[in-house]
1. Compute the long axis of helix 161-184 from its Cα atoms, compare it with the longest principal axis of the Cα atoms of the chain, and write down the angle in degrees, 0 to 90, nearest 10.
2. Please report Rg (one decimal) and Dmax (integer) in Å for the Cα set of the stretch 1-67.
3. In a Gaussian network model over the chain where Cα atoms closer than 10 Å are linked, find which of 74, 63, 37 has the largest mean-square fluctuation.
4. Provide the FRET efficiency to the nearest 0.05 for the residue 141-residue 4 pair, computing r from the beta carbons and using R0 = 41 Å.
5. With θ set to phi - 60°, apply the Karplus curve 6.51 cos²θ - 1.76 cosθ + 1.60 along the stretch 146-158 and write out the HN-Hα couplings as whole Hz, x wherever there is a Gly or Pro.
6. Along Cα→Cβ, 7 Å out, is where each label goes; now give me the distance between the ones at residue 174 and residue 107 in nm to one decimal.
7. Give me the angle, in degrees from 0 to 90, between the Cα long axis of helix 86-114 and the longest principal axis of the Cα atoms of the chain, rounded to the nearest 10.
8. Going by amide H atoms built from the backbone, whose H comes under 5 Å of the H on residue 59, apart from near neighbours?
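Each value in this text was obtained by applying a stated rule to the coordinates, not by laboratory testing. Computed from a predicted model, the values in this text were never measured in an experiment. Backbone-built Cβ (ideal geometry, glycine too); neighbour counts: all protein chains shown.
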Amino acid sequence: MMLNMGPQHPSTHGVLRLVLELDGEVVVRCVPHIGYLHTGMEKIMETKRYQQAITVTDRMDYLAPMSNNLAFVLSVEKLLGIEATERAQVIRAMMAELTRIKSHLVWLGTHALDLGAMSVFLYCFREREKILDLYEMLSGQRMMSTYIRVGGLMADLPDGFERSVREFVEEFPRRVDEYEDLLTSNRLWMQRTVGVG
């Protein structure tokens, strides 16, 4: 049997269409169709200066705004033949990694919620909030920071930021173990993820 899932479906958290081929309840083939969220940002950016366009890149993916900032800024810097200081590059990499973790926490939390593990959703968002607190400490904004700029950064790290990041990084592996324990001990989650797809 062929089944269309999406692009708007209760079990998806974005706009993705999947054409599924089923054998009973087993998915034997899946063809993804992407591109349902085109927003015309390229056209919007045609009328912006490089620094103005950074605010647009924040909104390309609200789960990973600093990663979008970084990709855009690196492209502009390459075009202009400039390079940020080593310190700025290290801070950019650190923030891109925290952004990646934050985005993955949303994925894991919503995935677990969809498959019957509500506690994991809440715990993932607990750690995500800690990263958003770091964003706010760094830039004054929790989501759309526009922190990464052409040629460097909006500002240097505030007092206490490095300590706060270190505390998060030291605690986070224990939290990941906690998620794993909660999921692998959840019968429903195991039934819906092991040996399927």
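1. 10
2. When restricted to the Cα atoms of the stretch 1-67, Rg and Dmax are 17.1, 54 Å.
3. Of 74, 63, 37, the most mobile in the Gaussian network model is 37.
4. My answer for the efficiency is 0.60.
5. Values, residue by residue: 6, 6, 7, 10, 4, x, x, 9, 4, 6, 6, 5, x Hz.
6. 2.6
7. Here the helix axis deviates by roughly 20 degrees.
8. Close amide H contacts, sequence-distant or interchain: none at all.
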